Amino acid sequence: MLLDIKNLHVNINDKEILKGLDLQINPGEVHAIMGTNGAGKSTLVKTLSAHYDCVVTEGSITYKNKDLLEMDVAQRANEGIFMSFQNPVEVPGVNNSYFLRTALNEKNEYNGLEQIDTMEFLKHIKEETGKFNIDRKLLQRDLNDGFSGGEKKRNELIQLLLLQPDLIMLDEIDSGLDVDAIKTVANVINAMLDGKKSIIMITHYDRLLELVKPDFVHIINNGKIEKTGDYTLALELDEKGFEGIGIKDENK
Ligand code: ADP
Ligand code: MG
């Protein structure tokens, strides 16, 4: 098993958001997470990536047979955890290409691999982005600085292709994207699926789920995973809505 979450309780600002959530993920699996606004979807993936907002008060998270809660942000990234944020942060003054190469070299160092120099890096990134027709102009700019919503998401894809993480968490990567951009996202995700990498994908939209078929669909409600099904659960949800499939938010 890649990830084993047991009885996870998480507070944000002293308010309990996750209330005993369980989730198991095996290598190679794609898990879609759905739920009403404010259900705690982002809280789950933010907790997994060690976001400072999220305070774990109870429960355990085991990743690659290690205690994930003992690892800091950098260690989690080096161990192959990747998170694409709903709103990627802008970092003026930090060149994007430099940032990406540094991230890759840190991971390489941690894993006992050789450092990659600028020339090699550019060649590598040209090959990877070329496969998916991703514009490379973004590399010369500062990290996410002034990027449009779509450009930020595209930049997340470049990071994915470069870092080849083992656990990929995508928080509404499809939101605000046009049809062609969603196809590019799906092409990249599908190309990453080599039977070993696992994906947690938060989405409201059927289109992405049509293009990247999840093995499991989970619905978070009242701080737990309340319902799990296969792809057809997403279809049913689309047709009937949350209430229609028996999901009732106790806070509303
Ligand atoms: P989702 O991604 O499912 O829409 P979130 O996980 O972002 O929901 O949020 C879950 C709950 O936590 C919401 O009620 C939200 O208002 C609250 N929350 C999230 N971040 C913060 C924060 N920084 N401060 C206070 N409350 C927060
Ligand atoms: Mg969210």
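The values are calculated or read from the model by the stated rules, or taken from the named source; none is laboratory data. Treat the numbers as computed from the prediction; the structure is a model and nothing was measured. Ideal geometry is used to build each Cβ from the backbone, glycine not excepted, and the neighbour counts take in all protein chains shown. With ligands, DNA and RNA removed, areas are computed over all heavy atoms of the protein, side chains included. Shrake-Rupley method; radii C 1.70, N 1.55, O 1.52, S 1.80 Å.
Residue check: M1 meets all listed conditions (1) open to solvent by 40 Å² or more (accessible area, probe 1.4 Å); (2) near ligand 1 (Cβ under 9 Å from one of its atoms) but one, namely (2).
State whether one or more residues within region 139-150 are open to solvent by 80 Å² or more (accessible area, probe 1.4 Å) and either over 22 Å from D178 (Cβ atoms) or assigned to a loop (DSSP other than H, G, I, E, B) (or both). Looking for residues that are open to solvent by 80 Å² or more (accessible area, probe 1.4 Å) and either over 22 Å from D178 (Cβ atoms) or assigned to a loop (DSSP other than H, G, I, E, B) (or both), one finds at least one in region 139-150, hence yes. Quick one: is N133 in contact with a helix residue (DSSP H, G or I) (Cβ under 9 Å, 6 or more places away or on another chain) and buried (at least 16 other Cβ atoms within 10 Å of the Cβ)? Answer is no for this residue. Filtering region 14-45 to residues that are within 16 Å of ligand 2 (Cβ to nearest atom) and on the phi > 0 side of the Ramachandran plot leaves G35, G38, G40. For region 216-228, check the following and say yes or no: at least one residue is more than 24 Å from D4 (Cα to Cα) and charged (D, E, K, R). No, that holds for no residue.
Selection of region 160-188 for residues being away from ligand 1 (no atom under 16 Å from the Cβ) and either closer than 22 Å to T43 by Cα or acidic (D, E) (or both) yields L160, P165, D166, L167, I168, D178, D180.
Close contacts from region 99-128, counting a first residue that is without any contact (Cβ under 8 Å) to a residue 12 or more places away in the chain and a second that is of a type in the set (A, V, I, L, M, F, W, C) and surrounded by 12 or more Cβ atoms within 10 Å (Cβ to Cβ), with Cβ to Cβ under 8 Å and a gap of 6+ residues or different chains, come to N105/I116; N108/I116. Does region 108-125 include one or more residues that are open to solvent by less than 50 Å² (accessible area, probe 1.4 Å) and either among the charged types (D, E, K, R) or under 18 Å from the mean Cα position of the chain (by Cα) (or both)? Scanning region 108-125, I find no residue that is open to solvent by less than 50 Å² (accessible area, probe 1.4 Å) and either among the charged types (D, E, K, R) or under 18 Å from the mean Cα position of the chain (by Cα) (or both), so the answer is no. Return a yes/no flag: does region 137-158 have any residue that is at pLDDT 95 or above and either in contact with a helix residue (DSSP H, G or I) (Cβ under 6 Å, 6 or more places away or on another chain) or aromatic (F, W, Y) (or both). For region 137-158, residues at pLDDT 95 or above and either in contact with a helix residue (DSSP H, G or I) (Cβ under 6 Å, 6 or more places away or on another chain) or aromatic (F, W, Y) (or both): absent.
Applying the set (1) of a type in the set (S, T, Y); (2) part of a loop (DSSP other than H, G, I, E, B); (3) more than 10 Å from ligand 1 (Cβ to nearest atom) to Y98 leaves exactly one unmet item: (2).
Elements of the type strands (runs of 3 or more DSSP E) sitting completely within region 8-92 and holding at least 3 residues that are open to solvent by 20 Å² or more (accessible area, probe 1.4 Å), away from ligand 1 (no atom under 12 Å from the Cβ) and touching a residue at least 12 places away in the same chain (Cβ under 8 Å): these cover 54-63.
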